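Just below is one structure, and these are the notes that go with it.
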Amino acid sequence: MEATDDAGSCQVAEVMGTELFTLTPDTVVASAQRLAFDNDVQHMLVLDGGTLTGIVCDEDLRTASRDALVGELMRTPVLCIAPDTTLDEAVELMEEHGVSCLPVVKGTALVGIVTRKGLALLGGAPEAAADVCVACGGTEKVRHDPRAGMIALCADCLGRKLPSILTSCAS
């Protein structure tokens, strides 16, 4: 889809992400961090018995103890939208409730997710801040590394040993 002036009237079903990363409340944070890192995702949905019960984002994982359980830090209740919600409505809900993603449900079925960053790429939301590598300042292929306290590092710097950078970012 091309970004146009009427992109905001498009329905979220046309642009939502359908590759969903889910956890259970008894998932250990260290496992959730690894899943987020390996798949470069910022939002993971928490299902309990197949029912959406919470959501965790990269910021939640960054500040949690690695031994904690996802159920202890998940945000609940989860604000959801329907597939026929317009992009403008989704952006308005995100801004009104201070959230950066909205799960998309049809009835009781989880069918997708829209994120502020994804909508910004379409021109449907205020510009999302790009992740910046703390080591070199680059913005290409930046990930939050759980081995380094979830700080942002690019693919090039991830392969290097950066004790001085990691020490200065931890303080």
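Between amide H atoms placed 1.01 Å from N, distances below 5 Å from Thr53 occur with Val46, Leu47, Asp48, all of them 5 or more places distant or on a separate chain.
Here the gap between Thr51 and Thr63, fully extended at 0.36 nm per residue and compared with their Cα-Cα distance, gives a gain of 1.8 nm.
Working note: Karplus 6.51/-1.76/1.60 with θ = phi - 60° gives the range 21-32 the couplings 10, 10, 10, 10, x, 8, 5, 6, 3, 4, 5, 5 Hz, where Gly and Pro are set to x. Evaluating 6.51 cos²θ - 1.76 cosθ + 1.60 at θ = phi - 60° for every residue in the range 73-84, the Karplus couplings come out as 10, 5, 8, 8, x, 9, 7, 10, 10, 8, x, 8 Hz, glycine and proline recorded as x.
A cut-off of 5 Å between modelled amide H atoms, ignoring neighbours fewer than 5 places along the same chain, links Gln42 with no other residue.
The numbers here are math on the coordinates, done by the rules we state, and not lab data. Keep in mind that this is a model prediction, so the values were computed, not measured.
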